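Every number here is computed from the coordinates shown, using simple stated rules; none is lab data. All values reported here derive from a predicted model rather than from experimental measurement. In this analysis, Cβ positions are derived from the backbone assuming ideal geometry, glycine residues included, and neighbour counts consider all displayed protein chains.
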Amino acid sequence: MDCPKCGHSQQDAVKCAACGIYFDKFRRQQTRAAETRTDPQPRGSGFGAGALVLTGIASAALVYSFMHRGADAPTHSGAPAPAAPLPAPALPGAAPSAPSG
């Protein structure tokens, strides 16, 4: 039998006389290593459609709040502005007043 690890040719089928490995144990390790190397279904990045929808909603809410922030805020202190004095109404039969100047 030839050793699967070092290639030494010998009669013993249990253990290699040159490198000392046990053939059965070596084959089991090789089989186990081959099984772990092949991943039947590759893993995704973890970001699915739900994460994209949530990001879109959050972005839209932020844009909306920034766009409408100035429209909802009052433009003055809340107190009414003082009105300019109105001219006195002219009475019937009264002489027109001369402009002051």
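Annotations
- In nm, spacing of pseudo-spin labels at C6 and L52 (7 Å Cα→C-beta vector): 5.7
- Modelled FRET efficiency - R0 41 Å, T31 with S59, Cβ distances, 0.05 increments: 0.20
- Other residues with beta-carbon under 14 Å from the beta-carbon of A17 carry, at +1 per Lys or Arg and -1 per Asp or Glu, a net charge of 0.
- Surrounding net charge for T31, when Lys and Arg each add one and Asp and Glu each subtract one, Cβ distance under 12 Å: +3
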